[in-house]
1. Please give the FRET efficiency for B:SER319 paired with B:SER184, using the beta carbon to beta carbon distance and R0 = 35 Å, rounded to the nearest 0.05.
2. Please compute the net charge surrounding A:ALA71, taking Lys and Arg as +1 and Asp and Glu as -1 over other residues with Cβ under 12 Å from its Cβ.
3. Take the alpha-carbon positions of chain A, form their convex hull, and give its projected area averaged over all directions (one quarter of the hull surface) in nm².
4. Using a 1.4 angstrom probe on heavy atoms only, work out the carbon and sulfur share of the accessible area of chain B in %.
5. Find, to one decimal place in angstroms, the Kirkwood hydrodynamic radius of region A:6-82, where the mean of 1/r is taken over every pair of different Cα atoms and then inverted.
6. Suppose accessible area is computed on protein heavy atoms with a 1.4 Å probe; arrange B:HIS249, B:HIS305, B:HIS86 from highest to lowest.
7. Need one number: nm distance between label points at A:ASP58 and B:THR254, each 7 Å from Cα along Cα→Cβ, rounded to one decimal.
8. Compute accessible area for region A:4-30 by itself and then with all protein chains, 1.4 Å probe, and report residues whose area falls by 30 Å² or more.
Amino acid sequence: MTSTRSTEISLRVNGETHSLTVDNRTTLLDALRERLDLTGTKKGCDQGQCGACTVLLDRQRVNSCLQLAVAAEGRDVTTIEGLADGEELHPVQQAFVDLDGYQCGYCTPGQICSAVAVIEELAREWPSAATDDVRRPPAVSEEEIRERMSGNLCRCGAYVNIVRAVTQAAKNEQVNA
Amino acid sequence: MREFDYRRAADAHEAVALLSGEPEARFLGGGTNLVDLMKTGVENPALLVDVRGLPLDRIEVAGDGALTIGATMTNSDLAAHPEVRHRYPALAEAVLAGASGQLRNMATVGGNLLQRTRCGYFTDLSRPCNKREPGSGCSALNGEHHNHAILGWSEHCVATNPSDMAVALAAFDAVVRVLTPEGSAEIPLADFYLPVGDTPHRETALPDGALITGVTLPAAPVAARSRYRKVRERASYAFANGSIAAALHVEDGTVRDVRIAFGAVASRPWRAREAERALIGGPATPEAFAAAADAELAAARPLAHNGYKVPLIRNLVVSTLTELQEAAR
């Protein structure tokens with residue numbers, strides 16, 4: 001078998017296709033930050049424990065630090081840079097601003113990408129560990145949001161306002177749906 | 001991280017063929033455990049065969065009601081599936097009790113079955129570990145082991161299996177379906193995880209080079225009334241200190257069918273057959289539930305710092321079975 005330690009891939013990020021050759025060891029996180037200069041996605045623990053690197057892959061949230069770039073080929077990546085519509089913030093971004101859902105801001109891009117997906121998961125009636133009866137659709141409640149956002153750590157401890165911001169955005173989405 | 005080759009397989013047979021004769025190759029599913037272990041140097045594959053895109057990402061329902069869950073289905077899709085939520089709620093609850101939303105979106109069913117222990121010494125390359133380096137010794141036996149095994153361990157390894165999903169699968173008599181270069185085979189989950197003995201590095205009965213293609217859950221009416229409960233050191237996103245998957249069917253106060261499995265107590269999900277035997281045909285009372293738990297836990301050998309797990313599991317048995325019985329009334 002011929003040895004191929006690096007691979008030519010095309011990555012579709014925020015609607016734009018990029019062709020690049022990556023060492024197979026490169027994570028999606030490093031490809032975004034170091035190769036495509038999309039530094040909004042943050043590196044926290046680099047072990048899948050903190051959620052700072054959360055991006056959307058085919059519209060589902062993932063830890064980009066554990067996703068090999070080579071294995072993301074052909075899939076749609078959305079980062080924090082791809083959420084706003086021009087100058088108009090995404091409703092979840094706006095809710096974080098309105099309700100002061102951050103302090104230092106380092107975990108915020110991951111929190112917001114995760115929250116965007118949480119709201120979609122609730123709309124699809126996915127259950128969570130906070131759902132009383134998994135046979136029934138989950139409620140849109142602070143308890144559900146808290147559980148679903150548990151993969152995103154905030155060392156400043158801004159959780160109170162993060163939960164308020166995500167809950168408000170989720171309830172607005174419910175009204176508009 | 002060591003450099004590695006990367007191949008993507010189009011179907012299960014191609015995946016098995018690509019891995020064949022490559023002892024240093026690994027299948028790549030969601031990568032949530034494997035990529036992490038490659039970063040820390042515990043795993044050093046020369047080739048990754050990517051199986052995530054294989055067409056094994058759905059649930060098939062057989063005529064007799066059995067479910068076959070495809071190996072590349074994500075943990076999220078498994079927990080959200082209506083057949084699982086309604087007919088095996090403890091399985092949906094177990095999956096949702098594990099990891100985070102992000103990780104469940106990546107992790108596959110096959111990968112979940114093969115995830116490695118979270119014993120801190122296993123990932124600490126500076127310390128002896130028989131699982132990582134056979135013959136080097138077990139650092140946990142007389143070290144930090146407050147969350148290690150109380151059942152089925154040996155002096156060679158006291159680590160636990162970290163999967164929540166596998167506990168529910170064990171309770172419902174799941175069968176693991178595999179593909180090898182010789183053909184397909186089935187391994188009951190009860191035989192899938194090997195006893196620790198003196199070979200803790202050999203964790204499963206999976207033949208060399210075999211690919212997990214799915215997991216079959218036999219039809220089990222009792223599973224429709226089932227629960228998974230998990231005790232951990234924080235409210236969410238942590239491995240268990242102890243967990244239980246249980247299902248109960250009572251008629252006129254008498255236990256007609258019961259399934260019980262424990263998590264975080266052994267190197268494998270622990271099916272509590274002694275407890276089940278003690279309960280069948282007897283009264284469904286808290287006293288009977290406690291006696292059944294004691295019958296199972298008579299075999300427990302707690303370590304110096306994890307004796308709390310014995311009453312923890314006993315209490316989980318009593319409270320979970322009591323809850324199931326009250327919900328059925």
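1. Efficiency, from the Cβ-Cβ distance: 0.30.
2. Overall, the nearby charge balance is +3.
3. 11.6 nm²
4. Taking all protein chains in place, chain B shows 50 percent carbon and sulfur surface.
5. Across region A:6-82, the inverse of the average 1/r is 12.0 Å.
6. Descending order: B:HIS305, B:HIS86, B:HIS249.
7. Taking the two extended label points, one gets 5.1 nm.
8. At a threshold of 30 Å² (probe 1.4 Å), the residues of region A:4-30 that become less exposed are A:THR4, A:ARG5, A:ASN24, A:ARG25.
The values are calculated or read from the model by the stated rules, or taken from the named source; none is laboratory data. Everything quoted here is computed from the prediction, not taken from an experiment. Neighbour counts are summed over all protein chains in view; Cβ atoms, including those assigned to glycine, are modelled from backbone coordinates with ideal geometry. The protein model used for the area step is the full one, side chains on, heavy atoms only, and it has no ligands, DNA or RNA in it. Shrake-Rupley method; radii C 1.70, N 1.55, O 1.52, S 1.80 Å.
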